Amino acid sequence: MKIQAPKGTKDVLPEESYMWQYVENKFREVCKLYGYQEVRFPTFEYTELFQRGVGETTDIVQKEMYTFLDKGGRSITLRPEGTASTARLFIEHGFASRPMPQRFYYIISAFRYENTQGGRFREFHQFGIENFGSSSPVTDAEVISLAYNFFTSIGLDNITVNINSIGCPACRREYVKNLKEYFLVNSQKLCHTCHQRLDKNPMRILDCKEEGCKLIAKDAPKPIDYLCDDCKSHFESVKTYLDSAKVLYKVDPFIVRGLDYYTKTVFEIVAPVSDKDLAICGGGRYDNLIEQIGGNSIPGIGFAIGVERLLMLLEQNGLLPARPQVPQVFVATVGENSLKKAFEIARMLRFEGISTVIEEMGRSLKSQMKYADKIGCQFSIIIGDDEIAKGVCKIRNMMTSSEEIVEIENVCQYLKEKLQK
Ligand code: HAM
């Protein structure tokens, strides 16, 4: 039996990898413009980090983590997201004593054992940013504006930014009490899992995917109606600053997000993928996360973008650039002498930034030309004993089949000019 890639994972082939590089470069550019710098952290962490950070009662921690004991008997988990790790990194490397805010971005793979329909993968990739140290609503607007400008910079203008506030622990107490009462009245209609959530964390019922639960959740109390004065004025300021930053947004009182660390502002950016609105970005403020995992009381806010979904969307909207041709030039050889010269010419061309391959398999000249044509080279260089003796080579335009004799020392200049056209 042939071994295949595991369910929910994806190989990236040469015909796709340039698209990944394209969006990665764009994301890096926009992060730089907003003053964010890259961090890299391990693919796996001690399980406790996600239990304490993401939250024991979340779907991610209860059902979706890839957790195992390593050979030393420690519980290890493949990261299901990047926020908890970035917060751990922040504490571990003493960033609290550096000037605030600290601005980080990351490009990561993440792992969740999920159903694999509707743009969900078990290994997926995220572009994320985290801002630590500022509790000001200006930061909320800056963070949302970065995401918004990233999407518009790659031509996506059919996105919707939905924002909400889920309050702080103080106003949440009253809200959760009322929410629980509401669900208790309707408890016979809730699914088995939501019955358990009712006791431990009724807010998680609001993002249950079961139809019955969704129907009841529709009329449930909304966090935005329970905000304390501080949370209310924070949210009002976020909206004002978003207007100033020219970010178009909608208030969606039903966004609660599926991770426990959020406080105050939460947001999602959705876009139509195959006629269904899909979340391509999710984020929010998390003012207690650093403290929850053992640091000082330092506020934070960030988001993550799903890269697979982003690429689906770009492809669907015809927004991907053309695939660059690699390699551009083929150096054909006829015999041992010319092989030596081929290495020399290839070295020269590569030094000038021209993507070049040489014949590696000792084929006939005819087969070499066929190969160069199939792999899409624009030019082939042909050198035999005669050419070497005269210090020249033949350059063949693979599109037109026309050939020119060029002195070896002028090959780079000749090709640079031709390839530019
Ligand atoms: P999240 O909403 O779980 O948030 O994920 C962010 C984005 O990652 C989603 O909007 C979606 O595009 C993508 N995504 C999530 N799960 C999958 C999956 N199974 N397959 C494909 N794409 C997926 C977080 O992860 C938070 N850490 C975001 C954050 C950063 N909040 C504050 N800072």
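Top mean-square fluctuation among Ser165, Ser401, Ser297, Gaussian network model of the chain, C-alpha springs under 10 Å? Most flexible of the set in this elastic network: Ser401. Applying 1/(1 + (r/R0)^6) with R0 = 41 Å to the Cβ-Cβ distance of Glu409 and Ser17 gives a FRET efficiency near 0.70. The charge dipole of the chain, taken about the Cα centre with unit charges on the Cβ atoms of Lys, Arg (+1) and Asp, Glu (-1), comes to about 540 debye, rounded to the nearest 20.
What does the accessible area per residue of the chain come to in Å², with a 1.4 Å probe and no ligands, DNA or RNA counted?
51
As an equivalent ellipsoid, segment 122-161 spans semi-axes of 21, 16, 8 angstrom, where each value is the square root of five times an eigenvalue of the C-alpha gyration tensor, largest first.
With r as the distance between the Cβ atoms of Thr240 and Glu417 and R0 = 60 Å, compute the FRET efficiency 1/(1 + (r/R0)^6) and round to 0.05.
0.65
Were the residues from Lys394 through Thr116 laid out at 0.36 nm apart, the gain over their Cα-Cα distance would be 94.7 nm. For segment 144-203, the alpha-carbon radius of gyration amounts to 1.72 times the rule-of-thumb value 2.2 N^0.38 Å expected for a compact globular protein.
Can you classify segment 1-139 as rounded, prolate or oblate using the Cα gyration tensor, where a ≥ b ≥ c are the square roots of its eigenvalues, rounded means a/c under 1.5, and otherwise it's prolate if a/b beats b/c and oblate if not? Here segment 1-139 falls in the oblate category.
In terms of its C-alpha gyration tensor, segment 333-420 has a rounded overall shape, because the principal axis ratio a/c (a ≥ b ≥ c, square roots of the eigenvalues) stays below 1.5. For the options Gln126, Gln378, Gln196, a Gaussian network treatment of the chain with springs between C-alpha atoms closer than 10 Å singles out Gln378 as fluctuating the most.
P(r) for the chain, from all Cα pairs and a bin width of 20 Å, is 22, 43, 23, 11, 1 %, short bins first. Secondary structure note: in segment 267-421, about 70% of the DSSP beta bridges are antiparallel. Within the assembled protein chains, the solvent-accessible surface assigned to Val138 is about 70 Å², based on a 1.4 Å probe.
Here the contact order of the chain, divided by its residue count and restricted to Cα pairs under 8 Å and six or more residues apart, works out to 15 percent.
Secondary structure note: in segment 18-145, about 90% of the DSSP beta bridges are antiparallel. Among the protein heavy atoms of segment 161-318, carbon and sulfur supply 49% of the accessible surface, probe 1.4 Å, non-protein parts ignored.
In a Gaussian network model over the chain where Cα atoms closer than 10 Å are linked, find which of Lys370, Lys177, Lys232 has the largest mean-square fluctuation. With Cα springs under 10 Å in the chain, the top fluctuation among Lys370, Lys177, Lys232 is at Lys370.
Measuring against 30 Å, Cα to Cα, the residue pairs Lys250/Lys276; Lys63/Lys189; Lys370/Lys390; Lys32/Lys421; Lys209/Lys264 contain Lys32/Lys421 as the ones spanning a longer distance. With point charges of +1 on the Cβ of Lys and Arg and -1 on the Cβ of Asp and Glu, referenced to the Cα centre of segment 118-229, which listed residue (Gly128, Leu215, Ile163) lies farthest in the positive direction of the dipole? Looking along the dipole axis, the top candidate is Leu215.
For segment 267-421, the Cβ-based charge dipole about the Cα centre amounts to some 360 debye (Lys, Arg positive; Asp, Glu negative; other atoms uncharged). To the nearest 10, the accessible area of Lys264 is 20 Å² with a 1.4 Å probe.
Place a point 7 Å from the Cα of Val251 along the Cα-to-Cβ direction; which residues of segment 146-173 have their backbone N under 15 Å from it? Under 15 Å, as judged by backbone N against the label point of Val251, lie 162-167 of segment 146-173.
Taking Cβ atoms as reference points and 10 Å as the exclusive limit, the residues near Gly53 contribute a net charge of -2, counting Lys and Arg as +1 and Asp and Glu as -1.
Accessible surface ranking for Arg52, Arg347, 1.4 angstrom probe, highest first: Arg347, Arg52. Here the accessible area is traced with a 1.4 Å probe on the protein chains. For segment 1-153, carbon and sulfur cover 50 percent of it.
The values are calculated or read from the model by the stated rules, or taken from the named source; none is laboratory data. All values reported here derive from a predicted model rather than from experimental measurement. Cβ coordinates were reconstructed from backbone atoms using ideal geometry, including for glycine residues, and neighbour counts include every protein chain displayed. Each accessible area value is taken on the protein alone, full model and side chains, heavy atoms only, with ligands, DNA and RNA left out. Shrake-Rupley method; radii C 1.70, N 1.55, O 1.52, S 1.80 Å.
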